[in-house]
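Peer 1: I'd like to ask some things about the structure below.
The values are calculated or read from the model by the stated rules, or taken from the named source; none is laboratory data. As the structure is a prediction and not an experimental result, all values here were calculated from the model. Here Cβ is always computed from backbone atoms with ideal geometry, including for glycine, and neighbour counts include all displayed protein chains. Side chains included, ligands, DNA and RNA excluded: accessible areas come from the protein's heavy atoms. Shrake-Rupley method; radii C 1.70, N 1.55, O 1.52, S 1.80 Å.
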Amino acid sequence: KRHRDGRAALRRQCEHEARAKLLRLRALYLDVAARPADLERLLVGSLKTFLVILRHVLHLRGVDQPMAYPDVLAAGERLLGPLPAFRRVLEHRSGRHRLGRRDVREEFSRHLADAERVVAAVDALHD
């Protein structure tokens, strides 16, 4: 019972964090949408947040907890299907891919869709 209670508490915390971070991401977008450099920083910064949430989803689903962000993303994609915007931002973060300044708003839209899929995965968890 203690394990089940702990799991339920972690799931509730994860739900709260996921929804709050998604709302914050949308609000921050409104502040930086006209400034590509700031929007790029928002993409990179929010990726880490959603990968941490995804790591918790994996843990709650019984998947061995990967630690490095590329491992978390790969395991998350096995669970949810491709998360292409997250992958591009992760590659951008590591220097393997550059986000075009003119395309950064479109990329944000795709990034938001991936974040929403992570939040939906949290919502789908059951005690």
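Peer 1: If you roll a 1.4 Å probe over the chain with all protein chains in place, what percent of the accessible area is carbon or sulfur?
Peer 2: Working: 3760 of 7350 Å².
Ligands and nucleic acids excluded, carbon and sulfur reach 51 percent.
Peer 1: So how far, in whole Å, is the C-alpha centre of segment 50-114 from the one of segment 1-30?
Peer 2: Between the Cα centre of segment 50-114 and that of segment 1-30, the gap is 17 Å.
Peer 1: Okay, next question. Provide the FRET efficiency to the nearest 0.05 for the ASP103-ASP31 pair, computing r from the beta carbons and using R0 = 25 Å. Provide the component values of the computation, followed by the final result.
Peer 2: On the way: r = 20 Å, r/R0 = 0.79.
E between ASP103 and ASP31, to the nearest 0.05, is 0.80.
Peer 1: Quick one: Debye curve from the C-alpha atoms of segment 66-127, no solvent, what's log10 I(q)/I(0) at q = 0.13, 0.17 Å⁻¹?
Peer 2: The computed values of log10 I(q)/I(0) come out as -0.38, -0.62.
Peer 1: Among [x] 16.4; [y] 15.9; [z] 15.0, which is the computed Kirkwood radius over Cα pairs in Å?
Peer 2: The value matching this structure is [z].
Peer 1: Between beta-carbons, use under 9 Å as the cut-off and find the net charge around SER46, counting Lys and Arg +1, Asp and Glu -1. Don't jump to the answer; show the numbers that get you there.
Peer 2: Values: positive: LYS21, ARG24, LYS48; negative: none.
With Lys, Arg at +1 and Asp, Glu at -1, the net is +3.
Peer 1: Related question: For segment 54-125, what does the relative contact order come out to in percent, with C-alpha contacts under 8 Å and a separation of six or more? Could you put the intermediate results ahead of the total?
Peer 2: Values: 45 pairs, mean separation 22.6, N = 72.
Once normalised by length, the contact order is 31 percent.
Peer 1: For the chain, what is the relative contact order in percent, using Cα pairs closer than 8 Å and at least 6 residues apart in sequence? Can you show the working numbers first?
Peer 2: Working: 107 pairs, mean separation 45.8, N = 127.
After rounding, I find 36 percent.
Peer 1: Which value, in debye to the nearest 20, gives the size of the charge dipole of the chain about its Cα centre, when Lys and Arg are +1 and Asp and Glu are -1 at the Cβ? Provide the component values of the computation, followed by the final result.
Peer 2: Details: 26 positive and 17 negative charges, 35 e Å.
It comes to approximately 160 debye.
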